[in-house]
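**Student:** Supplied in C-alpha cells, the structure appears directly below.
The values are calculated or read from the model by the stated rules, or taken from the named source; none is laboratory data. This one's a predicted model, so the numbers in the text were calculated from it and none came from an experiment. We place every Cβ from the backbone using ideal geometry, glycine too, and count neighbours over all the protein chains shown. SASA here: full protein model, heavy atoms, side chains in, ligands and nucleic acids out. Shrake-Rupley method; radii C 1.70, N 1.55, O 1.52, S 1.80 Å.
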Amino acid sequence: MEPQGAKRGAGEMKDGATGGPPKWTRPAPSLPTDASLYAGPFPFYRRPSELGCFSLDSERRYHGDSRALRYFAPPPAHGSAPDFDLREGYPERYRPRDEETQEGLDHLLRWLLEHRGQLEGGPGWLAGAVVTWRGHLTKLLTTPYELREGWQLAASRLQGTLYLSEVETPAARAQRLAHPPFLRELMYMGYKFEQYMCADTPGGSPDPSGEVNTNVAFCSVLRSQLGTHPLLFSGEVDCTDPKAPSTQPPACYVELKTSKEMHSPGQWRSFYRHKLLKWWAQSFLPGVPRVVAGFRDPEGSVRSLRTFPTMEMFELIRADREGWNPSVCMNFCAAFLSFAQSTVTQDDPRLVHLFSWEPGGPVTVSIHHDAPYAFLPTWYVDAVTQDFPSPAKTPCPGN
C-alpha cells in the first residue's frame, strides 16, 4: 500500500538568515499516523519462515543454538483450576537484565554474520531487505492506535540493507529509572508465570523453584515480506509445544502472557481494545499461532488460563467501532517501511536517520552522524564490507 498522505513538502523554503546567498532546502519529510488513512485491504504478508535461532545464557552471552528453548508444559486441561503464586521468590530469586546496557541489534547481527552465506537468495536478497527486531515492528503495527507511548527508530543503510534499531526516548528512560516497586514486581510476575508453564525438556515438568533470570532468552530468526519489503527479523520465543499439530517452527511456538482478572464487560472491552492489540501484533508478525494467558487475582495468583488463537483475536473486537483493525496496522507498517526506504538513501553505517513519533503527531526525521545514534558495530561493518568468510551454520530444531 502506498503511504497515503506521506508528506515531503510540495514547495521549497528560502533561508537567507546567514546573510550570504539564499539557500533552498526542502521541508523535513514526515509521515502521518492517523488510522483512517490506512484503512483498506490487508496488504500482502508472506507467511514467516524460520531461518535459524540463537540463545542468550544467564550472563547474556550469545550461543548459536537452541539451548535456551523451553517446552510448553501446562497443567492438565480437565484438572483443578491453577493456583500459581506469581509473587513467590520475589525479590530474592529475581535477577533482571541490566537495562542500562543498550544491545541494539548486536545479537541478531552476530547470527547474521554466521549465516549470511546460507541465506536463500544470497547477498542480493539481503541487499534489499530490512533487518530489525520483532519488537520494533510490533511498535510500528500498533502506532495508529497508540495513545501514550512514543518511540524512536534509528535507521542506517549498509551494502543496500536497511537496519532499524530502537532508541530509548527520554520519556521512556525517565519512566524506566523511576520504576516504582510495584511495576518491577509486575515484570517479575510475567516471567514467573513462564516458570509455571514451561519445562526444560519435552515431556518434563515445570520447576518454579529456580531463579528468575531475564538474561536468558531463546530467539527465533525469521524471514518474511510485507508488501514489497523483504524482512529479516528476530524475536524472543517463550516456548515450543512438543504436542503441537505441526512441529515446524514457528507453528509450534507458544506465547505466554499474564493479565489481571476481568469481572465486567467494560473491563473486557478495554482489554480487547488495548492489550489484545499488542498481543496480536507481537504474535502475528512471527507466525506464532496462539497466546496462552494466565489471569491473576489481586493477590498475584493465577486462577484461570485462556488460549487466544492469534488468527481469531480480531473477531473479539470486530464489532467494536472504537476497536483496532489488522489492515490498518499492517498498512501503516508497510507505509513506514516505504517512507524509511525512500528517506535513507545513502549507504553509510555512520549516517543515522532518526525516525521519531509521539502520539497525536506524524513520524518525523532527523539526521545524525556517529555517536550517540550510530548503532552498527565496527566488527559487523568490517566483516560485511571486507566479506569475511562465514562460519558453518548451526542447525536448529525443525530446520
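**Student:** Kindly provide the set of residues from the stretch 373-387 that are surrounded by fewer than 17 Cβ atoms within 10 Å (Cβ to Cβ) and either assigned to a strand (DSSP E or B) or within 22 Å of the chain's Cα centre (by Cα) (or both), ordered by number.
**Tutor:** Narrowing the stretch 373-387 to residues surrounded by fewer than 17 Cβ atoms within 10 Å (Cβ to Cβ): 377-379, 382, 385-387.
Listed by number, the list holds a single entry, 377.
**Student:** Select, from 161, 142, the only residue that is without any contact (Cβ under 8 Å) to a residue 40 or more places away in the chain and touching a helix residue (DSSP H, G or I) at 6+ places or on another chain (Cβ under 6 Å).
**Tutor:** 161
**Student:** Turning to a different aspect of this structure: Which pairs do you get when a residue that is within 16 Å of residue 180 (Cβ to Cβ), found in the stretch 85-97, comes within reach of a residue that is assigned to a strand (DSSP E or B) and modelled with pLDDT of 95 or more, reach meaning Cβ atoms under 6 angstrom, with the pair 6+ apart or on two chains?
**Tutor:** Listed by first residue and then by second, the contacts come to 94/212.
**Student:** Identify the single condition in (1) assigned to a loop (DSSP other than H, G, I, E, B); (2) without any contact (Cβ under 8 Å) to a residue 60 or more places away in the chain that residue 201 does not satisfy, given that it satisfies every other one.
**Tutor:** Tallying (1) assigned to a loop (DSSP other than H, G, I, E, B); (2) without any contact (Cβ under 8 Å) to a residue 60 or more places away in the chain, residue 201 fails exactly one: (2).
**Student:** Just to be sure, is residue 87 open to solvent by 80 Å² or more (accessible area, probe 1.4 Å) and modelled with pLDDT of 95 or more?
**Tutor:** Judged against the criteria, residue 87 is a match.
**Student:** Would you point out the residue of the stretch 97-125, among those that are outside any loop (DSSP other than H, G, I, E, B) and farther than 18 Å from residue 377 by Cα, that is most open to solvent (accessible area, probe 1.4 Å)?
**Tutor:** Top of the filtered list is 123.
**Student:** Before we move on, is residue 280 of a type in the set (Phe, Trp, Tyr), at pLDDT 95 or above and surrounded by fewer than 21 Cβ atoms within 10 Å (Cβ to Cβ)?
**Tutor:** Working: of a type in the set (Phe, Trp, Tyr): yes; at pLDDT 95 or above: yes; surrounded by fewer than 21 Cβ atoms within 10 Å (Cβ to Cβ): no.
Here the answer is no, as residue 280 does not meet what is asked.
**Student:** Here is a follow-up. Just to be sure I understand the filter: pairs with C-beta atoms under 7 Å, separated by 6 or more residues or on different chains, first member in the stretch 344-364 and open to solvent by less than 30 Å² (accessible area, probe 1.4 Å) and of a type in the set (A, V, I, L, M, F, W, C), second member modelled with pLDDT of 95 or more and assigned to a loop (DSSP other than H, G, I, E, B). Which pairs pass?
**Tutor:** 352/373; 352/374; 354/373; 357/33; 357/150; 363/33
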